[in-house]
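The values are calculated or read from the model by the stated rules, or taken from the named source; none is laboratory data. Predicted model only: the values in this text are computed from it and were never measured. Counting neighbours? That spans all protein chains shown, and the Cβs are built from the backbone with ideal geometry, glycine included.
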Amino acid sequence: MEIVYVTGLVLMGLALLDAVAGIFVSIRQSFARSKFQQRQAEQLRSMMDEGQHGPSKESVGSWKGFRRFNIVNKVLEAEDICSFYLGPVDGEPIRSFEPGQHIGFRFTVPGDSKPTIRSYSLSSGVLEDNLYRVTIKKVPAPPETDFPPGKGSSYFHEELEIGSVIEVSAPNGKFYLDREDDRPAVLIAGGIGITPLLSMLETICKEGIERTCYLFHAVRSHRDHAFAERLNELMQVRDHLHLHTYFSHPEDGHELPEGSKTGFLSVDAIQETVGHLEAQFYICGPPPMMQALVPSMEAAGIPSRDIKMEAFGPASIKKKKPPEDSGAATESDSATVIRFSKTEVKWDGESSILEMAEENSVEIDSSCRSGSCGTCQVKVLSGKVKYEDEPGFDPDEGSCLTCVGIPDGDVELDV
Ligand SMILES: Cc1cc2nc3c(=O)[nH]c(=O)nc-3n(C[C@H](O)[C@H](O)[C@H](O)COP(=O)(O)OP(=O)(O)OC[C@H]3O[C@@H](n4cnc5c(N)ncnc54)[C@H](O)[C@@H]3O)c2cc1C
Ligand code: FES
């Protein structure tokens, strides 16, 4: 009897302790939340005091260069495709972003003496809980070679765990959803190129944007079919969203999702489905896919201005130019001189400044080599640099992006 009585008392004591602990945790959480909201309000107030017109949405929580972030969650989305959720170490607000933009990462791979820089698109919709999400595919070595697997993507998959810290640059890029245009949006993703397009779709759904959307998602097989469930959910709740999935190498014995097709995605298939060309086209994927699709889209009559694209990797794909802008070398081009700090070279009338530097053993860091990440940015000491296509990354005042920049007359660079 006594034992029962004592056990009862102990159990009641434990339940009481548990309840007190629960109350304590929820007080702490709501205190942290209100401190965060207070900091956000203070930051907004101080920015409004500083400027006459108040802060723009983009300036709240923004930063220059790199800021330290924690990995707060890591989620496997498909084989070798992982999402990383990132929160700022300082706990201060972070900048919102346009759906489709990317962030830059700086990290040093064990054994390397120099940091590596890589860009990854934000894969979530509008900013929530002061977190960014990126989704990264681990890049294997090319088959039948001795090359190592992808350096940056392997580092994320193998070295970064919940609690790891990594340096991040603020959201950037000009590949994002145009909210002013209400024509149908045709989103075309190749493999992991789904990330910025998913961000656009999430935003369209979250903000209730009434715009017809077609998503064409080309994947190899179910192994790299990331976000299959989420995309399906989005299509179920919004009847103006249409999903078309193409499996180029489906595996035997694996049932394909209802309505999906096998084979490669083609412009004919897109046109057949969409039925008209009065639309905005957003295309993102590996360079070979862009190389195959973009020129055929233009040949099918889609105006270049309606094709927005981002290549995940060194992009050599160029959109059609009007003849007067064709960039053909002129006599004056061949006399153009590029001056680096220790050497000067004659421009060949074609190569980017980065390519000219590399050919002449002048070292400039680079990463995307397509004007998206800012790694190759250098100061222009005199002269001008121009771009055939407007780069996705905005260089600092007085600087240029050497990977896509060409000299506009003699130019002197701080390299
Ligand atoms: C704006 C932008 C957004 C992006 N968003 C995403 C995204 O959301 N998700 C995503 O997964 N990726 C994204 N990328 C691609 C990403 O930035 C990286 O390019 C990708 O992860 C590969 O980088 P890596 O360091 O892993 O591979 P790298 O080290 O750059 O290697 C690439 C390939 O080259 C091979 N290789 C290595 N050494 C050699 C050699 N000496 N010669 C020839 N080949 C070699 C490697 O085996 C590998 O196959 C984006 C790129 C850009 C520009
Ligand atoms: S290397 Fe990325 S912008 Fe030039």
Query - strands (runs of 3 or more DSSP E) fully within the range 122-199 counting 2 or more residues that are over 17 Å from residue 309 (Cβ atoms) - result: 132-137, 165-172
Query raised in the report: In the range 216-232, is there at least one residue being assigned by TED's automatic domain parsing to the domain that holds residue 274, among the aromatic types (Phe, Trp, Tyr) and not in a loop (DSSP other than H, G, I, E, B)?
Result: yes
Report task. Check the range 90-102 and report whether any residue there is under 27 Å from residue 396 (Cβ atoms), within 14 Å of ligand 1 (Cβ to nearest atom) and not in a loop (DSSP other than H, G, I, E, B). Result -> yes
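When the residues of the range 392-406 are narrowed to those that are assigned to a loop (DSSP other than H, G, I, E, B) and away from ligand 1 (no atom under 11 Å from the Cβ), which ends up farthest from the chain's Cα centre (by Cα)?
Filtering the range 392-406 for residues assigned to a loop (DSSP other than H, G, I, E, B) gives 392-398, 402-404.
Filter once more, keeping what is away from ligand 1 (no atom under 11 Å from the Cβ): 394-398, 402, 404.
Values: 394: 15, 395: 17, 396: 20, 397: 23, 398: 25, 402: 21, 404: 19 Å.
Among residues in the range 392-406 that are assigned to a loop (DSSP other than H, G, I, E, B) and away from ligand 1 (no atom under 11 Å from the Cβ), the one farthest from the chain's Cα centre (by Cα) is 398.
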Requested in this report: Could you tell me which residue of the range 371-385 is farthest from ligand 1 (Cβ to nearest atom), considering only residues that are within 23 Å of residue 410 (Cα to Cα) and touching a Pro at 6+ places or on another chain (Cβ under 8 Å)?
Outcome: 383
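Residues are listed down the side, and each one gets a yes or a no for (1) touching a helix residue (DSSP H, G or I) at 6+ places or on another chain (Cβ under 9 Å); (2) of a type in the set (Phe, Trp, Tyr); (3) modelled with pLDDT of 95 or more:
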{"site": "202", "(1), (2), (3)": "yes, no, yes"}
{"site": "205", "(1), (2), (3)": "yes, no, no"}
{"site": "208", "(1), (2), (3)": "no, no, no"}
{"site": "215", "(1), (2), (3)": "yes, no, yes"}
{"site": "226", "(1), (2), (3)": "yes, no, yes"}
{"site": "236", "(1), (2), (3)": "no, no, no"}
{"site": "243", "(1), (2), (3)": "yes, no, yes"}
{"site": "247", "(1), (2), (3)": "yes, yes, yes"}
{"site": "250", "(1), (2), (3)": "yes, no, no"}
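Conditions tested, residue by residue: (1) hydroxyl-bearing (Ser, Thr, Tyr); (2) within 17 Å of residue 375 (Cβ to Cβ).
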residue: 114; (1), (2): no, yes
residue: 117; (1), (2): no, yes
residue: 121; (1), (2): yes, yes
residue: 128; (1), (2): no, no
residue: 150; (1), (2): no, yes
residue: 161; (1), (2): no, no
Query - Verdict on residue 136 being crowded, with 18+ Cβ neighbours inside 10 Å, in contact with a His (Cβ under 8 Å, 6 or more places away or on another chain), among the hydrophobic types (A, V, I, L, M, F, W, C) and in the same structural domain as residue 87 (by TED's automatic domain parsing) - result: yes
Report task. Mind telling me which of the residues 344, 355 ends up being within 16 Å of ligand 2 (Cβ to nearest atom), modelled with pLDDT of 90 or more and not assigned by TED's automatic domain parsing to the domain that holds residue 200? Result -> 355
**Report entry** Matching entry among 404, 378, 345, 415 (being of a type in the set (Val, Ile, Thr) and more than 24 Å from residue 118 (Cβ to Cβ))
**Finding:** 345
Report task. Among what's in the range 129-145 and is modelled with pLDDT under 95 and closer than 19 Å to residue 109 by Cα, pick the residue that is nearest to the chain's Cα centre (by Cα). Result -> 139
**Report entry** Condition check for residue 404: farther than 16 Å from residue 346 by Cβ and not assigned by TED's automatic domain parsing to the domain that holds residue 101
**Finding:** yes
Report task. For the range 118-128, state whether one or more residues are touching a helix residue (DSSP H, G or I) at 6+ places or on another chain (Cβ under 6 Å), assigned by TED's automatic domain parsing to the domain that holds residue 106, surrounded by 18 or more Cβ atoms within 10 Å (Cβ to Cβ) and hydrophobic (A, V, I, L, M, F, W, C). Result -> yes
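Of the residues 255, 278, 272, 310, only one is in a helix (DSSP H, G or I), modelled with pLDDT of 85 or more and out of contact with any helix residue (DSSP H, G or I) (no Cβ under 6 Å at 6 or more places or on another chain); which? First the steps, then the outcome.
Details: 255 fails: in a helix (DSSP H, G or I); 278 fails: in a helix (DSSP H, G or I); 310 fails: in a helix (DSSP H, G or I).
Result of the check over 255, 278, 272, 310: 272.
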Report summary line: Scanning the range 359-388 for residues that are more than 12 Å from ligand 2 (Cβ to nearest atom) and among the charged types (D, E, K, R), the one nearest to residue 285 (Cα to Cα) turns out to be 388
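Give the residue that is surrounded by the most Cβ atoms within 10 Å (Cβ to Cβ), with candidates limited to residues of the range 150-177 that are hydroxyl-bearing (Ser, Thr, Tyr) and touching a residue at least 60 places away in the same chain (Cβ under 8 Å).
Of the range 150-177, the ones hydroxyl-bearing (Ser, Thr, Tyr) are 153-155, 164, 169, 176.
Okay, now just the ones that are also touching a residue at least 60 places away in the same chain (Cβ under 8 Å), so 164, 169, 176.
On the way: 164: 15, 169: 21, 176: 23.
Ranking the candidates gives 176 first.
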Query raised in the report: If you take the residues of the range 341-370 that are in a helix (DSSP H, G or I) and within 16 Å of ligand 1 (Cβ to nearest atom), which of them is nearest to the chain's Cα centre (by Cα)?
Result: 354
